[in-house]
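Q: Before I ask anything, let me first share the structure, which is written out below as structure tokens.
The values are calculated or read from the model by the stated rules, or taken from the named source; none is laboratory data. Computed from a predicted model, the values in this text were never measured in an experiment. Note that each Cβ is placed from the backbone with ideal geometry, even for glycine, and that neighbours are counted across all protein chains shown.
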Amino acid sequence: MQTHILGFPSIGKQREQKQALESFWDGVLSVDALSATCTELKKRHWRIQKDAGLDYVSTGDFSLYDRMLDTTCMLGAIPERFTPCLDDAPADRYFSLARGNVGRNTAPLEMTKWFDTNYHYLVPEIDADRPWTAGTHPVVADTKLARELGFSPKPAIIGPFTWTALAKAPRAVRKWERLDEIVSVYAQLLADLAPYCDCIQIEEPILCTELLPDDARPRFREVYASLNAAGPKLMLTTYFGALGGNLQTAVGSGCAALHVDLVRGRKQLDAVLGALPGGTALSLGLVDGRNIWKTEYSTALPLVERAVAALGKDRVLLGTSCSLLHCPVDVTEETALPEHIRKRMAFAVQKCAELAALRAVVENDGAEAAAARAAAQPAEPHPDRYVAAVRERAASVTPDMLARRSPYPERRAAQAWLKLPPLPSTSIGSFPQTDAVRKIRLDYKRGRLSEADYVAAVRREIRDCIEKQEQLGLDVLVHGEAERNDMVEYFGQQLGGFCFTQNGWVQSYGSRCVKPPVIYGDVYRKHPMTTDWILYAQSLTQKPVKGMLTGPVTILCWSFVRDDLERSEVCKQIALAVRDEVQSLEKAGIRVIQIDEAALREGMPLTRAEAEIYLRWAVDAFRLAASGVEDSTQIHSHMCYSEFNAILSWIAEMDADVISIEASRSGMELLDAFTDVHYRGAVGPGVYDIHSPRIPTEEEITQLLRRALRRIPKDQLWVNPDCGLKTRRWEEAWPSLQHMVAAAVRVRAEA
Ligand code: GLN
Ligand code: ZN
């Protein structure tokens with residue numbers, strides 16, 4: 001039985017890749033030095049895999065910036081606007097695509113989430129039928145190097161169907177018509193790899209979604225027939241879910257091996273075994289590439305045994321569910337975690353060892369097997385992970401706790417006391433995080449600032465923020481979030497059941513890494529988390545100040561979540577903690593409260609059936625958090641991702657009094673959907689694109705508001721930016737908000 005991983009994180013355990021990239025961009029590091037650092041990292045990661053006893057080491061998993069971009073460059077699918085960059089040095093050209101070229105005023109490729117993960121890839125653009133000039137793919141040189149160093153490389157490449165399905169194209173361009181051309185470049189790539197490897201991992205995660213168009217699916221068999229003829233054995237690799245309706249397509253590919261995700265798609269094993277053609281090998285994705293916990297052998301072993309019984313050992317491989325890109329590098333770096341938590345964790349390095357141990361157990365390989373079996377004994381539930389009061393409270397949630405006292409129209413009347421003008425203006429929460437603001441938090445964290453001095457410094461920021469908003473003439477004010485480093489971490493640090501790693505970094509995109517909080521135990525609120533700051537802000541103004549909370553679904557989606565309790569249950573526990581905070585705010589006199597659910601849309605599973613189940617418990621969690629207040633208290637929610645037409649009925653189900661959404665780039669067209677479902681709550685479509693340094697004019701915003709009014713009745717419309725302003729500078733935010741308020745005043749006066 002062979003063992004392998006689908007990919008190792010490239011960042012390095014001390015984020016060496018990040019440092020090298022950023023020094024290169026700053027002009028401090030030469031391109032040769034950058035590439036030397038990358039080569040060191042690759043070699044180190046191959047060594048880890050080989051030392052763990054894996055049969056292959058992964059190549060092609062390491063990218064300077066992004067693997068989708070590497071594929072785009074190989075195909076030569078460079079959008080027209082980059083033509084002036086084509087004569088630049090290769091690294092400069094590459095990074096212009098990734099990050100834009102300021103000197104030439106060229107915008108980068110768009111970035112979006114890789115399926116339902118927190119990794120962002122660069123979206124390919126197919127812009128009419130301009131000829132492409134195929135280039136090279138870094139996987140070839142890396143595979144050659146690995147072979148020369150005596151490793152047994154398995155190159156990983158993103159497959160042509162996934163690349164094309166994720167590419168965006170103007171409506172007039174029929175992107176699938178370029179498939180033959182794309183496939184011929186792939187065939188060349190496979191031939192180039194052939195001298196250095198005997199198996200290639202060709203990834204088609206699109207098969208675990210419903211995104212493959214019906215007219216493309218029939219071409220799968222023929223395309224893969226030609227690719228199978230082009231080079232070494234192919235392992236058709238799927239992940240992030242079950243194959244579902246695409247099972248026949250996958251097994252009909254004629255590839256020598258198929259990889260399936262048995263973590264997200266555990267239930268698919270029997271169907272896959274039943275459909276797999278004779279002679280095809282099956283790689284079982286058993287070790288979770290997206291979480292930080294040790295593999296439960298009691299779950300994994302029966303799956304292996306079933307596969308071995310059906311196929312025989314020679315046709316079974318053991319692997320990770322997906323690339324280890326989505327988990328941190330090495331748990332031995334975590335010296336500050338409580339032992340009872342740390343001993344349950346496995347990061348990328350440990351997951352490689354787990355695969356070897358799993359094989360030893362299956363093959364009943366003496367001492368190693370005994371050790372692994374002993375480790376497989378279910379650990380005693382630690383008292384810190386199981387809090388009886390939390391369990392009891394979660395179990396006794398009643399349906400009435402999920403509903404506000406009265407329906408929206410009555411609440412609306414009860415909220416008239418707020419005396420807001422038509423088209424009330426507000427912001428989404430954060431204000432510019434200046435260097436001064438960051439320094440306050442850092443000095444406090446490093447012990448350079450006493451608690452009292454820290455509070456005084458944050459209060460000065462809050463006072464300044466309130467004064468600015470008064471001057472701007474906004475109607476509902478915020479405290480500005482100066483005390484928050486991150487909207488999830490801030491709450492995680494104060495809640496029971498959370499812990500934080502020192503080095504648990506995961507790549508988010510390019511050189512950017514995040515360190516998600518870890519939910520290891522039952523979640524509960526220990527004390528009020530935001531009331532002091534918000535009350536202080538409210539004490540400075542006659543206008544209402546909006547309490548600012550992160551919602552349960554977003555806290556869940558942006559954390560590593562324990563694997564011994566259903567996600568829906570964990571979410572419910574968080575919802576109860578947020579509910580406590582909402583009630584504390586109300587009791588303290590804060591009567592407008594925003595609960596951000598920035599991640600609601602992106603946390604959606606990849607298939608409709610699973611999405612429905614998720615949306616039910618996710619929306620219920622929001623309702624549980626939000627519903628414990630009087631009718632006269634106004635609940636807001638905010639969501640970032642604008643593509644939610646399909647889930648608008650669920651957004652209505654959230655039953656917030658006011659929602660704000662990202663909308664400025666879509667020119668208010670997305671509001672059509674609100675008209676269609678007769679959305680009755682208040683809506684604040686963003687009228688200021690905060691992702692850009694551009695300052696929108698008063699005229700532009702006025703136009704957007706007039707357009708919004710064609711879709712949303714005047715008494716339902718709010719005026720706000722797309723999202724929080726923390727990434728902007730005051731020089732941009734200030735005039736933009738001035739224009740926004742002026743536009744609101746102007747449109748308010750019209751008819
Ligand atoms: N309240 C948060 C902020 O303004 C919301 C951020 C978000 O939606 N991502 O920063
Ligand atoms: Zn947002």
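Q: Quick one: which residue in LEU211, LEU207 is in contact with a helix residue (DSSP H, G or I) (Cβ under 6 Å, 6 or more places away or on another chain) and assigned to a helix (DSSP H, G or I)? Break it down stepwise before answering.
A: Details: LEU211 fails: assigned to a helix (DSSP H, G or I).
Just a single option satisfies the conditions, and that option is LEU207.
Q: Another one. If you go through the stretch 673-688 one residue at a time, do you hit one that is part of a loop (DSSP other than H, G, I, E, B), crowded, with 20+ Cβ neighbours inside 10 Å and within 16 Å of ligand 1 (Cβ to nearest atom)?
A: Scanning the stretch 673-688, I find at least one residue that is part of a loop (DSSP other than H, G, I, E, B), crowded, with 20+ Cβ neighbours inside 10 Å and within 16 Å of ligand 1 (Cβ to nearest atom), so the answer is yes.
Q: What are the residues in the stretch 619-633 that are farther than 15 Å from MET487 by Cβ and within 16 Å of ligand 1 (Cβ to nearest atom), if any? I'd like the intermediate steps shown before the answer.
A: So the first thing to find is which residues in the stretch 619-633 are farther than 15 Å from MET487 by Cβ, and the list is 619-624, 626-633.
Result: PHE622, ALA626.
Q: List the number of the failed condition for ARG448; all other conditions in (1) within 29 Å of GLY681 (Cα to Cα); (2) more than 33 Å from the chain's Cα centre (by Cα) hold.
A: (1)
Q: With ASP453, ASP486 as the choices, which residue is modelled with pLDDT of 95 or more and either away from ligand 2 (no atom under 16 Å from the Cβ) or part of a loop (DSSP other than H, G, I, E, B) (or both)? Break it down into steps so the answer makes sense when it comes.
A: Details: ASP486 fails: modelled with pLDDT of 95 or more.
None of the others qualify; the one that does is ASP453.
Q: Turning to a different aspect of this structure: For ALA621, are the conditions met, namely being under 22 Å from the mean Cα position of the chain (by Cα), away from ligand 2 (no atom under 16 Å from the Cβ), farther than 27 Å from LEU243 by Cα and not in a strand (DSSP E or B)? It would help to see each step written out before you state the result.
A: On the way: under 22 Å from the mean Cα position of the chain (by Cα): yes; away from ligand 2 (no atom under 16 Å from the Cβ): yes; farther than 27 Å from LEU243 by Cα: yes; not in a strand (DSSP E or B): yes.
Judged against the criteria, ALA621 is a match.
Q: One residue is enough: does the stretch 490-503 have a residue meeting the conditions of a type in the set (A, V, I, L, M) and either assigned to a loop (DSSP other than H, G, I, E, B) or closer than 25 Å to PHE8 by Cβ (or both)?
A: In the first step, residues of the stretch 490-503 are kept if they are of a type in the set (A, V, I, L, M); the result is 495.
If we keep only those that are either assigned to a loop (DSSP other than H, G, I, E, B) or closer than 25 Å to PHE8 by Cβ (or both) as well, we get none.
No, there is no match, as no residue in the stretch 490-503 is of a type in the set (A, V, I, L, M) and either assigned to a loop (DSSP other than H, G, I, E, B) or closer than 25 Å to PHE8 by Cβ (or both).
Q: So ARG567 fits all but one of (1) touching a strand residue (DSSP E or B) at 6+ places or on another chain (Cβ under 8 Å); (2) more than 29 Å from ARG463 (Cβ to Cβ); (3) within 16 Å of ligand 2 (Cβ to nearest atom); what number is the exception?
A: Failing condition for ARG567: (3).
Q: Go over the candidates GLU653, GLU643 one by one and state the one that is modelled with pLDDT of 95 or more, surrounded by fewer than 21 Cβ atoms within 10 Å (Cβ to Cβ) and farther than 18 Å from PRO424 by Cβ. So that I can check it myself, show each step before the final result.
A: On the way: GLU643 fails: modelled with pLDDT of 95 or more.
Testing whether each residue is modelled with pLDDT of 95 or more, surrounded by fewer than 21 Cβ atoms within 10 Å (Cβ to Cβ) and farther than 18 Å from PRO424 by Cβ leaves just GLU653.
Q: Here's something else I'd like to know. Just to be sure I understand, how many residues within the stretch 617-640 are surrounded by fewer than 20 Cβ atoms within 10 Å (Cβ to Cβ) and either touching a Phe, Trp or Tyr at 6+ places or on another chain (Cβ under 8 Å) or of a type in the set (Phe, Trp, Tyr) (or both)?
A: Looking only at that region, the number is 2.
Q: Do we find a residue being on the phi < 0 side of the Ramachandran plot, buried (at least 17 other Cβ atoms within 10 Å of the Cβ), within 15 Å of ligand 1 (Cβ to nearest atom) and of a type in the set (Ser, Thr, Tyr) anywhere in the stretch 712-729?
A: Looking through the stretch 712-729, none of the residues is on the phi < 0 side of the Ramachandran plot, buried (at least 17 other Cβ atoms within 10 Å of the Cβ), within 15 Å of ligand 1 (Cβ to nearest atom) and of a type in the set (Ser, Thr, Tyr).
Q: Turning to a different aspect of this structure: Please go through the stretch 467-493 and pick out each residue that is within 12 Å of THR541 (Cβ to Cβ) and near ligand 1 (Cβ under 10 Å from one of its atoms).
A: Answer for the stretch 467-493, where residues must be within 12 Å of THR541 (Cβ to Cβ) and near ligand 1 (Cβ under 10 Å from one of its atoms): just VAL478.
Q: Does ALA656 satisfy the condition of being within 19 Å of GLU410 (Cβ to Cβ), touching a strand residue (DSSP E or B) at 6+ places or on another chain (Cβ under 7 Å) and within 16 Å of ligand 1 (Cβ to nearest atom)?
A: Criteria met by ALA656.
Q: Name the residues in the stretch 639-649 that are within 16 Å of ligand 1 (Cβ to nearest atom) and more than 26 Å from ALA394 (Cβ to Cβ), would you?
A: Step one: filter the stretch 639-649 for residues within 16 Å of ligand 1 (Cβ to nearest atom), giving 639-644.
Result: CYS640, TYR641, SER642, GLU643, PHE644.
Q: Related question: What residue, of GLY686, GLY681, is over 25 Å from the mean Cα position of the chain (by Cα) and of a type in the set (Gly, Ala, Ser)? I'd like the intermediate steps shown before the answer.
A: Details: GLY686 fails: over 25 Å from the mean Cα position of the chain (by Cα).
Residue meeting the stated conditions: GLY681.
Q: Same structure, new question: Run ARG512 past the list (1) under 24 Å from ASP435 (Cα atoms); (2) surrounded by 17 or more Cβ atoms within 10 Å (Cβ to Cβ) and report the number of the one that doesn't hold.
A: All conditions pass for ARG512, except number (2).
Q: Among the residues of the stretch 577-596, which ones are within 16 Å of ligand 2 (Cβ to nearest atom) and not aliphatic (A, V, I, L, M)? Steps first, answer last, please.
A: Kept after step one, since they are within 16 Å of ligand 2 (Cβ to nearest atom), are these residues of the stretch 577-596: 594-596.
Within the stretch 577-596, GLN594, ASP596 meet the criteria.
Q: If you don't mind, another one. Have a look at THR554, THR530 and point out the one that is crowded, with 19+ Cβ neighbours inside 10 Å, closer than 30 Å to LEU21 by Cβ and either in contact (Cβ under 8 Å) with a residue 24 or more places away in the chain or out of contact with any Pro (no Cβ under 8 Å at 6 or more places or on another chain) (or both).
A: Answer to the selection: THR554.
Q: On to the next question. Among (1) within 25 Å of ILE647 (Cβ to Cβ); (2) loosely packed, with under 15 Cβ neighbours inside 10 Å; (3) in contact with an Asp or Glu (Cβ under 7 Å, 6 or more places away or on another chain); (4) not aromatic (Phe, Trp, Tyr), where does PRO693 come up short?
A: Failing condition for PRO693: (1).
Q: Go through LEU648, LEU670 for me and flag whichever is touching a Ser or Thr at 6+ places or on another chain (Cβ under 7 Å), surrounded by 15 or more Cβ atoms within 10 Å (Cβ to Cβ) and modelled with pLDDT under 95.
A: On the way: LEU648 fails: touching a Ser or Thr at 6+ places or on another chain (Cβ under 7 Å).
Criteria check complete, one pass: LEU670.
Q: Mind listing whichever residues of the stretch 102-113 are free of Cβ contacts under 8 Å to residues at least 12 places away in the same chain and assigned to a loop (DSSP other than H, G, I, E, B)?
A: The first filter runs over the stretch 102-113 and keeps only residues free of Cβ contacts under 8 Å to residues at least 12 places away in the same chain, leaving 102-103, 105, 112.
Residues satisfying the conditions are VAL102, GLY103, ASN105.
Q: Testing ARG601 on (1) among the basic types (Lys, Arg); (2) within 16 Å of ligand 2 (Cβ to nearest atom); (3) at pLDDT 95 or above, one condition comes back false. Which one is that?
A: Every listed condition holds for ARG601 apart from (3).
Q: Hey, can you tell me all the residues within the stretch 701-751 that are among the aliphatic types (A, V, I, L, M), closer than 21 Å to PHE674 by Cβ and either under 32 Å from the mean Cα position of the chain (by Cα) or within 16 Å of ligand 2 (Cβ to nearest atom) (or both)?
A: Filtering the stretch 701-751 down to residues among the aliphatic types (A, V, I, L, M) leaves 701, 704-705, 708-709, 712, 717, 719, 725, 733, 737, 740-745, 747, 749, 751.
In the following step, the residues that additionally are closer than 21 Å to PHE674 by Cβ were identified as 701, 704-705, 708-709, 712, 717, 719, 740, 743-744, 747, 751.
Hits for the stretch 701-751 are ILE701, LEU704, LEU705, ALA708, ILE712, LEU717, VAL719, MET740.
Q: Go through the stretch 597-618 and report how many residues are touching a helix residue (DSSP H, G or I) at 6+ places or on another chain (Cβ under 6 Å) and within 15 Å of ligand 1 (Cβ to nearest atom).
A: 5
Q: Restricting to the stretch 144-177, what's the tally of residues that are in a helix (DSSP H, G or I), modelled with pLDDT of 95 or more and more than 29 Å from the chain's Cα centre (by Cα)?
A: 5
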